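Quick notes on the structure that follows.
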Amino acid sequence: MPKFTFTAIKEGKTLTSTVEASSEDVLKTTLAKQGARLIAIKADRSQSLLSRFKKPKKIKLKDLVIFTRQLSTMISAGVPLTRSLTTLEQQADNKYFRTVISGITKDVEGGMPLGEAFSKYPRIFSDVYVNMVRAGEAGGILDEILKRLATQVEQDSSTRKKIKSAMTYPVVILSITVVAFFGIMIFIIPKLSKILSDLGGPNAKLPIYTQMLVNLSTFMQKYAVFIAVIVFVAIYFLRRYLRTPKGKFKRDSLILKTPIIKDIITKIAIARFSRTFASLMSAGVSVLDSLDVTGGAIGNKVIEKELKEAAKAVKNGQPLSQPLSTSKHFPPIVGQMLAVGEETGQIDTILIKVADFYEEEVSTVIDSMSSIIEPLMIIILGSMVGLIAASVMGPIASLSKNIGNN
């Protein structure tokens with residue numbers, strides 16, 4: 001994690017310190033919440049440069065779920081927070097996670113709220129996680145909130161596993177296909193082209209699809225290095241662009257226009273919105289703050305923008321169900337269910353049911369896709385092999401026949 005040196009004023013005293021933070025913005029936010037007025041901040045450039053080449057450290061969702069559940073159990077049993085954290089640090093299997101828990105324990109011992117201590121590690125504890133912990137601390141129901149968080153993390157983990165499992169087979173087949181195609185075009189087709197020339201002579205007339213294959217092979221063989229450089233440079237700049245706000249918005253907009261995929265992404269977003277918003281509301285977080293946090297947790301910038309527009313409508317006095325009922329991506333059922341929740345005062349209960357419904361829908365769609373993708377990939381791979389075989393073997397058979405007749 002990068003280091004920053006800052007100077008700030010807190011309670012009339014000037015403080016200068018060097019701390020670790022995921023980013024400059026995170027450090028500024030943390031200092032502001034601690035009541036410190038920032039004067040100057042400077043990043044350790046050498047550390048930042050080295051960190052670019054290091055793989056960011058992460059922990060498994062399973063470890064986070066176990067940590068959350070055990071912390072909830074210990075707090076509800078009356079174990080002091082610092083002692084609970086110390087115990088969990090000692091039994092954590094992940095070395096990096098032990099270091100993180102140790103840092104959190106020291107911050108809590110120094111008087112920092114648990115939510116603020118979590119916010120220093122955004123790669124592990126998301127905005128939703130941190131805000132729910134803050135709400136639990138404020139309402140005195142931290143153990144209950146941690147139980148709900150553990151359930152929510154498990155649901156997200158389950159959905160990700162299903163998507164990953166469904167995509168593993170097509171990605172592997174596609175990768176093998178691409179590698180095989182380039183291998184055939186660069187190493188095998190040139191040799192077969194020489195055989196065809198030897199059999200038919202320099203003036204032999206090949207079928208158009210065979211000639212196109214030979215020309216493509218010659219081009220790829222001649223400019224292989226140039227093509228590889230262009231591909232890598234294009235991927236590099238594309239990844240940089242997709243990290244920008246504009247790039248993320250364009251990517252998410254394109255995803256929501258792609259057939260089949262848009263339905264899955266939309267249902268995942270609705271399920272995530274419903275469960276997260278319900279959890280935040282039940283924790284006592286205000287509607288506007290819940291919308292702000294939930295929007296960032298959905299994972300789609302287009303839908304996040306819609307939620308920001310909905311937040312403006314709520315700020316102007318409208319119930320949340322109204323703007324969501326006219327949304328492009330939220331089905332009418334969500335707005336109607338939300339309206340019932342607003343009338344009965346059970347928004348969290350109703351939205352949990354909505355989340356369960358759409359998570360089941362996502363599971364059904366993914367299972368259906370898995371059964372369709374496998375034969376589809378086999379057809380694509382078989383068609384490619386058949387085309388190459390026909391382009392090569394057809395002319396060889398024809399030329400061999402002509403030679404036999406002569």
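Assess whether SER158 counts as being over 28 Å from GLN70 (Cα atoms) and outside the structural domain of ILE75 (by TED's automatic domain parsing). Talk me through it step by step, then tell me what you get.
Numbers: over 28 Å from GLN70 (Cα atoms): no; outside the structural domain of ILE75 (by TED's automatic domain parsing): yes.
Here the answer is no, as SER158 does not meet what is asked.
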Checking ALA138 against (1) assigned by TED's automatic domain parsing to the domain that holds SER282; (2) modelled with pLDDT under 80; (3) of a type outside the set (Ser, Thr, Tyr), the condition it does not meet
(1)
Within the stretch 377-397, is there a residue that is at pLDDT below 80 and under 27 Å from the mean Cα position of the chain (by Cα)?
yes
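Quick one: in the stretch 212-264, which of the residues that are outside any helix (DSSP H, G or I) and within 16 Å of the chain's Cα centre (by Cα) is surrounded by the fewest Cβ atoms within 10 Å (Cβ to Cβ)?
Initially, the stretch 212-264 is screened for residues outside any helix (DSSP H, G or I), giving 223, 244, 256-260.
So of that shortlist, the ones also within 16 Å of the chain's Cα centre (by Cα) come out as 244, 256.
On the way: THR244: 10, LEU256: 18.
If we take residues in the stretch 212-264 being outside any helix (DSSP H, G or I) and within 16 Å of the chain's Cα centre (by Cα), then THR244 is surrounded by the fewest Cβ atoms within 10 Å (Cβ to Cβ).
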Is there any pair linking a residue in the stretch 237-261 that is on the phi > 0 side of the Ramachandran plot to one that is part of a helix (DSSP H, G or I) and surrounded by 12 or more Cβ atoms within 10 Å (Cβ to Cβ), with Cβ under 8 Å and at least six apart or on different chains, and which?
ILE260/MET369
Among the residues of the stretch 69-91, which ones are under 28 Å from the mean Cα position of the chain (by Cα) and either modelled with pLDDT of 90 or more or closer than 17 Å to LYS120 by Cβ (or both)?
GLN70, LEU71, LEU88, GLU89
Unique residue being assigned to a loop (DSSP other than H, G, I, E, B), more than 24 Å from ILE261 (Cβ to Cβ) and either touching a strand residue (DSSP E or B) at 6+ places or on another chain (Cβ under 7 Å) or free of Cβ contacts under 8 Å to residues at least 60 places away in the same chain (or both) when the list is GLN318, GLN322
GLN318
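Somewhere in the stretch 99-122, is a residue modelled with pLDDT under 80, among the β-branched types (Val, Ile, Thr) and out of contact with any Asp or Glu (no Cβ under 7 Å at 6 or more places or on another chain)?
Kept after step one, since they are modelled with pLDDT under 80, are these residues of the stretch 99-122: none.
No: zero hits.
The values are calculated or read from the model by the stated rules, or taken from the named source; none is laboratory data. Since the model is a prediction, treat every value here as computed from it, not as a measurement. No Cβ is skipped: glycine too gets one built from the backbone with ideal geometry, and neighbour counts run over all protein chains shown.
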